Structure formats: C-alpha cells, structure tokens
Amino acid sequence: MRRREVLAGLGSVGVVAGAGAVAAFGVPSFDDDSDGSSGLVGRQHEPYEIETVDAPGSEAGTVTVPAPDQPTFIDFFATWCDPCIKQMDALATTHDRVGDDVLFLSVTSEPVGDTISEAELAEWWDENDGDWTIGLDPTSELTSRYWGSPYPSAVAIDASGTVRWHDSGIKTADELVAGIERALEGGAE
Amino acid sequence: MERRTYLGSLGTVGITSVAGCLGDLLGGDSNPDTILEPPEEEAQYGDYSYQTYGEEFPSFSLTDPIAEEAVSRDDFVGERPFVITYFYGSCPDGMCDALLQHLARIQEDAIESGYEDEVGLLAVTFDPDRDTADALRAYSTERGIDPAAGHWHYLRPEDNETAKTVLNETFGLPLRRNEESSNNESTNETAAGNESSGADGLEYTFTHSALVQIVNERGIVERAYPKASRQRDAVNTQVMVEDTRTVVGVDE
C-alpha cells in the first residue's frame, strides 16, 4: 500500500528527473500544458529601475525595465548556475543579431557587493564572453515579476511594456531571436 | 507506517469531497479553517499523498543544523504561519533552486514589509549527507538567503535513510535516489560522501517532487503548489508572496 501511495504521488506531482535526464535547466517539457504560451505573455508590469554593473559591454548606472521606448530582452541568470554558462554562447550570438534593436540585459538576483563582489561578477562575465548590460536584482523583485527562475529564463517585452515571450531552460540563438522578434513585432503594432 | 500513509490518504479524500460539496452549495470558501479561498488550479487539491488545501499539516520535529535546534510543527501552530519546501543542495537541474528562489523572495518581502517575525520559512533537505550545516551556509550565501534569520530554518534529518523515511512517511512525498555511475569526473579524493561536491560529477541525484506548501497559524494547509519550479498563472513567485501575505495578515 505504501509503495502504491508513493507511486501515485509520483504520478500526480509529476516528478522531473534529476541530473542527466534533463538537458535543460528546469523542466523537460515546459510547454506541456500551456500550449507554448506561458501565462506571463500579455502581462504588463510597472517600470522598475535596477542598477547596472561595470563589466565588459556593461556600464555602471541604472536602467528602467521595461525600457520606455523600445523592446526589452532579459536573460535571468546566476554565476553559480552551470546551465547559465552553457547559455552564454547563444546569448552572445543573439546579442550580435538583434542586440541593437532592444534593451538587451542579463539580470542576476545574487547578492552582488555582498557575498560576491562586482569584480568577481565582471570576471565571470568576461570569462564567459559576456558583452552586454548586466543588471542587478538583489531583492528578486524583477525576477519575481518576470518569472526569472529557474535559471536561465528569458523574457521579451515589447515597446509598450507587454510581455510577448517567456521561457525557461537553455535556448538556441534561433529560439531566443524568435522570442525577441515577437517583442519587435508587438512594438510595431 | 504503511497504515499511516494509507490513513493519511483516506483523510485527503474525505476532506476534499466535503469541501467540494460545500463549495458547490455556498459558492465560495467553505473551509472555516482556512483564510484563502480554495485554489483555482484543480491540481492543487485532491487525492495526493501529501497534505493539500484545508488539511492539517503533519506533525514533525527536525533539526535546524545552523541554529542547532529542533524545529517542530508545534513551534508554529498557534504562533505563526509557515512556508515549507523540500530540496537538496546538489540539485543539478535547477528545480530546487527555483523552489528556494520562491522562499528567498518571500524572505525579502517579509523583511521589506516587516512581517519577518510573523512567518516561518522552512526548507527540508532530503540529502543531509551532503547538505551539512557548512554546505547549507555556502548554498545560502550564493543565493542571498540569510539562514541565520530567526524565521528561516533549514531542516535536516540525521542521515539520508532517515530523510527518505521522513519525506515518504511524514510529508507524503515520493523520493527516488539515482546513482550516477557513468562519466563521473569528480576527483574522488574523499571517498566518504559527505563532502559537498559541485553540480558536476555527482555520485547520486534524486527524482523528487517540487512542492511548496503554505500552512496557516492553525496548522492547516492553505496552499500546496505542485510542480512549483515551473512558473505559471496559478503558481509563481508573486502568487506565493501574495498568498503568504494574506495568510500572515499583512496590511497592504
């Protein structure tokens, strides 16, 4: 009986396999019951200002998300997240292809300046060939609004501030560009 | 222990059907023990082996390895609500991180809004062999979690065997250990498995559920969010923060 209960539980909860079985960081079939359109798509959130960091391709300062006058792309990551490192190549390619058309951001909710220094973050960024703006979200407010976990997760917001695309797990550059194009189209409406 | 699980499950069925009937009749919240309305997502209640909406959370007593003290359900009943999840620090696929991110955000919100003393945040490890106090401290540091805060408790069964029993028998959650024998690139200089290794070269991983529960001051489950690592309309960090605030009774 116990075994049955446990197995029943397994079935109902929908367990995600560990380690090798899951290629993406997150859930194997993210779109299973949502038809590919996550519940975040179509939402708008109030503008939120975050700090940016001095690192390759990134200047210290602030940035408002979403950008008031152009589409915004955000990659949510953490330096301790191995799949986020694997994601960097596709992000770099995507940045080369459409980076000029959007506010292109990578955002971490790590306690930068506390347990990881800005210099360590910049070093990680350099090692992984990052060359665009890094934003900080120490309270996870932004991450929470745009469903930034599990890492990496990506979101594309159009120029009017409406979310047009969101997904989690490692993406190819083509997938990222396609997501961003939805935001570009949305902004043109 | 078989009997307990069986009864636990029976209890679930009974309560759920009663709630359903009353809910139909009254067209609204039917449970006098809960603050929140029944969940919209049907998957959030029903015949699960773990406790869901309207059910009494099981009694437990586990050690907080950082505070070095026992933490039990009775510390909260009559005192304050708590949010609980189940994880292991070596989790390679991001699921557990996503769960802890929910709690970390609730911690931030609680501190920002000043209700940090009115809620407990509990994270039960089912891999105590690797999740030692030091490992959990390091894990927290990376993620901006303050495990020394009075409201935050890692709960650590004494060993992995006990942890599996506790998860299955007490919390009603399935757990399966998977040996990772192939392409193990770890240097293996320490054969004793209680060194916290990185995500690569893990000796073993777990197949586990991704559950977060909110339990009110009466010890009744207000929300059980299944597959909580996958954010969606009914289950996401913001929903959990809002539900926690409502259960705590935070004034807007």
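The values are calculated or read from the model by the stated rules, or taken from the named source; none is laboratory data. Keep in mind it's a predicted model, so treat the numbers as computed, not measured. Note that we place each Cβ from the backbone using ideal geometry, even for glycine, and neighbour counts take in every protein chain shown.
Quick look at the values:
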item	result
Residue under evaluation B:E41, criteria (1) of a type in the set (D, E, K, R); (2) over 23 Å from B:G144 (Cβ atoms); (3) buried (at least 23 other Cβ atoms within 10 Å of the Cβ); (4) within 12 Å of chain A (Cβ to nearest Cβ), criterion not met	(3)
Selection within the range B:202-226 - closer than 19 Å to B:Y50 by Cα and in contact with a helix residue (DSSP H, G or I) (Cβ under 7 Å, 6 or more places away or on another chain)	B:S209, B:A210, B:L211, B:V212, B:I214, B:N216, B:G219, B:E222, B:R223, B:A224, B:Y225, B:P226
Residue list for the range A:29-41, filter: more than 17 Å from the chain's Cα centre (by Cα) and either surrounded by 13 or more Cβ atoms within 10 Å (Cβ to Cβ) or modelled with pLDDT of 50 or more (or both)	A:S34
Residues located in the range A:144-189, provided they are assigned to a loop (DSSP other than H, G, I, E, B), on the phi < 0 side of the Ramachandran plot and of a type outside the set (S, T, Y)	A:G148, A:P150, A:P152, A:D158, A:A159, A:I170, A:K171, A:E189
Qualifying strands (runs of 3 or more DSSP E) (wholly inside the range B:59-137; at least 1 residues being at negative phi, of a type in the set (S, T, N, Q) and surrounded by fewer than 20 Cβ atoms within 10 Å (Cβ to Cβ))	B:61-64, B:69-72
Any hit, the range A:99-113, residues being part of a helix (DSSP H, G or I), buried (at least 20 other Cβ atoms within 10 Å of the Cβ) and within 14 Å of chain B (Cβ to nearest Cβ)	no
Qualifying residues in the range A:62-88 (those that are surrounded by 20 or more Cβ atoms within 10 Å (Cβ to Cβ), within 14 Å of chain B (Cβ to nearest Cβ) and more than 15 Å from A:T143 (Cβ to Cβ)) - the one modelled with the lowest pLDDT	A:P83
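This table checks each residue for (1) under 17 Å from A:F77 (Cα atoms); (2) buried (at least 20 other Cβ atoms within 10 Å of the Cβ); (3) not acidic (D, E).
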| site | (1), (2), (3) |
| --- | --- |
| A:Y146 | yes, yes, yes |
| A:S149 | yes, yes, yes |
| A:D158 | no, yes, no |
| A:G161 | no, no, yes |
| A:S168 | yes, yes, yes |
| A:K171 | yes, yes, yes |
| A:I180 | no, yes, yes |
